[in-house]
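Just so you know, all these numbers are worked out from the coordinates, no wet-lab data involved. Bear in mind that the values here come from a model prediction, so they are computed numbers and not experimental data. Cβ: placed from backbone, ideal geometry, glycine included. Neighbour counts: every protein chain shown.
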Amino acid sequence: MTGGLPWDEATRPAGPAPDPGHEYTPEQLATGQHLIEVHDSLRAELTRLRGALDEVAAGNSDPAALRSFFNRMTIRQNNWTLGAFCQSYCRAVTGHHTLEDRSVFPHLGQADPRLQAVLTRLGEEHETIAEILERIDAALIALVAGEPGAMDRVRAAVDLIADAMASHFSYEERELVEPLARLGFY
């Protein structure tokens, strides 16, 4: 990790331990596998963001192009006032988190109340991730404006989101893949 984490991983609650003798059908495993595939796609976009940042830092690309890329990223919301860079990534992450917060988490929490502490923590991490995305955009605006030290702020914010997303995805997969197989998506 390069940017540290905005939370203490040691304080994360754990859900119930899976039944080691239970085997799931391919259909039951599909939802958890889909969660991992979505996370893998978002991980790949973060790698592309780092590459775009390196291009700007090396002088091979314009800072405005970096912000445009950030605005196109899957994790951004539509109503955030950004350039084109993060929009699709941020939209995807925000959409992914919104789906989890409004549909998946309530279903899982109702079906197995022992998951509630984990689901609450994941929702809190979603809020923290949204704040980091706003921090990235503010740093990108400063970079486009040519403010001194802006590249360092962008790099620090990107490092932070990369580390936060890696940590969050790992925790979510560890805690939810088995319950999704056991309880279904809805």
Requested in this report: Multiply the residue separation of D101 and A166 by 0.36 nm, subtract the distance between their alpha-carbon atoms, and state the gained length in nm to one decimal.
Outcome: 21.5 nm
Report summary line: For Y171, the net charge from surrounding residues (Cβ-Cβ under 11 Å; K, R +1; D, E -1) works out to -2
Report task. Report ³J(HN,Hα) in whole Hz for each residue of the range 115-121, in order, from the Karplus equation J = 6.51 cos²θ - 1.76 cosθ + 1.60 where θ = phi - 60°; Gly and Pro get x. Result -> 8, 4, 4, 5, 5, 4, 4
Query - Label-point separation in nm, E55 to T128, each point 7 Å along Cα→Cβ - result: 3.2 nm
**Report entry** Paramagnetic label zone (point 7 Å from Cα along Cα-to-C-beta, A117; backbone N under 12 Å) in the range 14-29
**Finding:** 14-17
**Report entry** Under-5 Å amide H pairs with R72, H placed in peptide plane, nonlocal only
**Finding:** F85, C86, Q87, S88, Y89
